[in-house]
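Report on the structure given below.
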Amino acid sequence: ASSCSCVSYYVSFALFFFFFFFKQKTAYEIYQCDWSSDVCSSDLGTYYVQALQITSLSVWASIPVGALITNILIVNNYRDIDEDRQAGKNTLAVLFGKRFSRVQYLIFLIISFLMPFVVYFYYKQNIAAFLPILALPLGIKLVKMIYTLDSKELNKTLELTAKLSAIYGILFAASIII
């Protein structure tokens, strides 16, 4: 039973590292490579294998995409916190509580919307770098939802978090292409 408990804690903390290993190819990585199978690559390791380098831009650009994908998991765990606690699942939401989950969600959202500024000032001095900011109103709505809704009411928040990730990703890609 104790080894099972250790595995549960390990899996819970793996959420923090989720976006470093299970993310989509970012627009910046695609822009610097060819448009063949490289478009479907899933992480920086694959990028390295194909480009034989990892640039600081590709690392920075991967962060908001991974953070927003991770927010889908955060909302899911936050929504299911009571059931998971009863079932003995040790998610981060169960281990650290609802307040922690809301703050974690907010931090990942803030990181995502700050990244266009990093890209603009350090890599691409083009106003198009700020295209992802157009998704900010949806992000603000989601923060309000996660702070006011509970349990199954969060199903819409989960859906909209996934949509935010897609919208942000499209705008992010467009900001590179332009």
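Listing for the model above:
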| item | result |
| --- | --- |
| Checklist (1) closer than 18 Å to residue 66 by Cα; (2) open to solvent by less than 60 Å² (accessible area, probe 1.4 Å) applied to residue 91, failing item | (1) |
| Only listed residue being within 24 Å of residue 177 (Cα to Cα), of a type in the set (Val, Ile, Thr) and surrounded by fewer than 16 Cβ atoms within 10 Å (Cβ to Cβ), chosen from 127, 107 | 127 |
| Residue check, residue 147 more than 23 Å from residue 60 (Cβ to Cβ) and in a helix (DSSP H, G or I) | yes |
| Among the residues listed as 120, 78, the single one being among the hydroxyl-bearing types (Ser, Thr, Tyr), surrounded by 15 or more Cβ atoms within 10 Å (Cβ to Cβ), assigned to a helix (DSSP H, G or I) and free of Cβ contacts under 8 Å to residues at least 60 places away in the same chain | 120 |
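The values are calculated or read from the model by the stated rules, or taken from the named source; none is laboratory data. Just so you know, these numbers come straight off a predicted model, no measurement behind them. Heads up, the Cβs are rebuilt from the backbone with ideal geometry, glycines too, and the neighbour counts pull from every protein chain shown. When the accessible area is computed, the model is the full protein with side chains, heavy atoms only, and any ligands, DNA or RNA have been set aside. Shrake-Rupley method; radii C 1.70, N 1.55, O 1.52, S 1.80 Å.
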